[in-house]
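Worksheet for the structure shown next.
Every number in this text was worked out from the coordinates using simple rules, so none of it is lab data. These numbers were taken from a predicted model, which means no experiment stands behind them. Virtual Cβ from ideal backbone geometry, glycine too; neighbours counted across all protein chains shown.
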Amino acid sequence: MRLSARIALAVAVVVPLLVVGSGWIMVRLVGRDVHAAGDAHLRERATAVRPEALALLRAMANDRPASVEQARQRKLFTAALDVGIRVDGPAGSVTGGPQPAAAVTLPPARDAAHPVTVAAGAQSWRVLAVPLTAVRPAAGGTLWLFSTDAAGQRQIAQVRGRVLTVALLTAPVAGLAAWLAAVRLARPLLALQRRAAGIDPRTSTARLDHTPTGVPEVDDLARTLRTVLARYDEQAARTAEALVTARSFSAAASHELRTPLMSMRINLDVLDGDPAPEGAERAEVVADLRAGHERLLGLLVMLRTLAQGDLVEADAFVPVDLADLLDSAVRDLRRDHPGALVTVRSAGPCVVRAWPQGLRSAVDNLLANAVVHGAGQVEAVLEPTADGAAVRLTVGDHGPGVPPEDRRSVFTRFQRRPDSPGSGLGLALVGQQAALHSGTVTVTGRPDGPPGAWFVLDVPHMAQGPALPRQRDWLRAQSAAPATPQGFHKDRP
């Protein structure tokens, strides 16, 4: 059922109920007013006939002649006018005018001191009892006055019938009016529905074009639809990026793993050959297999970390103390390379908002790169930048350093020296993490003159999570020669 029909049906039901409810209150008020008018008339008549009733009772108590009593009765009935009257006294009762039959039981006189209703078959009466007191007890009694309630009941029934008639008439009229009003008021909503129905996010880039209507509900719904479509676009983009990242991961893994796997296969064939190698030759083949296994493991770990960086969301960034993270990384480095000489200088707690796993990978790779290429001597310095806006981690070594012409491409994936035992992904991962944390990373020669490399990673302080790049493609093809040392993390249009 359409909304306009629902509104029309609801109004067609509710409005008659309201009419009936208000009519019931009106009937009660009319009944009370009718009874109040009749009761006032009874009291007025009671005041007028009371002296005549007392005179009649005194005449009856003194055994006056019948002509006197009859004269008193005529005066009594003349004063009563249009109400029925009954006088009860010690000597009997005198009745006159319209009143209930004698068989109808009247309420006690004390209960009828105020007008009450007495039912007599299909007819009802308003009854008022007035005590008659005299000096002589034998001359006292009760004066009853009766007024038919037929006129009041007819008036009440007439009002009740009109209320029901109005209720029956308002049902279709109110429903039709509500339907017309609902159809007119729903036009902006129908227009919004038609515009939204023509949008297919899967096949078109068109989005909801809404002009404010002045109807808050419709405008709020339009804003909600825009928000939903924007979130759909965002999730669709992230899903597409995830698919591309998965394909890139598969392509990179298959390409980079082919050579070490073939080498391992050759070594296995040598071990399984006839005659089988023995002694020093066997030890050399096993050492090659172990080195190939470590290279495969390291390559897979790097590729996985790069893929995670391409898909990480802003809610993964939490406050991290870079000083504690550096201490932990140095402890692991000393355990894995017992012969390395590692010097650490830290300015104390340096809290940044970061992705803990990614930032730890960047620090680990900077330290590992310095150990492998730096003649076993590593210097790590952690301190705030001069302007205090970021935390700076400097990792230096005493190796051959990075030639100036290679410093622009050193952070590109799979870029390594011919004699490097690494996978060519460690510094690419450092560049990725610098981009994700809205920071920078550069490499220069040592500032104090001796040969070596000097890597500087700046991670800014941020109250909220970083503004992640709209497109992250560290597992896809990168420019071999960025425009600047930091060109790898610039947003692409």
**Q.** Nearest-0.05 FRET efficiency for Leu243 and Val351, computed from C-beta distance (R0 35 Å)
**A.** 0.45
Q) What is the fewest-to-most order of Asp272, Asp458 by other Cβ atoms lying within 10 Å of their Cβ? A) Asp272, Asp458
Q: List Asp387, Asp149, Asp63 from most exposed to least, where exposure is judged by having the fewest other Cβ atoms within 10 Å.
A: Asp387, Asp63, Asp149
Q) What trypsin sites (Lys or Arg not before Pro) in the stretch 54-142 are in a loop by DSSP, with at most 11 other Cβ atoms within 10 Å of the Cβ? A) Arg110
Q) Taking R0 as 56 Å, what's the FRET efficiency between Ala151 and Ala71 from their Cβ-Cβ distance, rounded to 0.05? A) 0.95
Q. Tell me, in nm to one decimal, what length is gained between Asp448 and Arg334 on full extension, where the rule is 0.36 nm per residue of separation less the Cα-Cα distance?
A. 38.5 nm
Q. Once the dipole of the stretch 3-171 is set up with Lys and Arg at +1 and Asp and Glu at -1 on Cβ about the Cα centre, which of Leu106, Val83, Ala71 lies farthest towards its positive end?
A. Val83
Q. What order do you get for Phe146, Phe77 when you list them from fewest to most C-beta neighbours inside 10 Å?
A. Phe77, Phe146
**Q.** Computed label-point distance, nm, for sites Ala102 and Ala291 using a 7 Å Cα→Cβ extension
**A.** 14.1
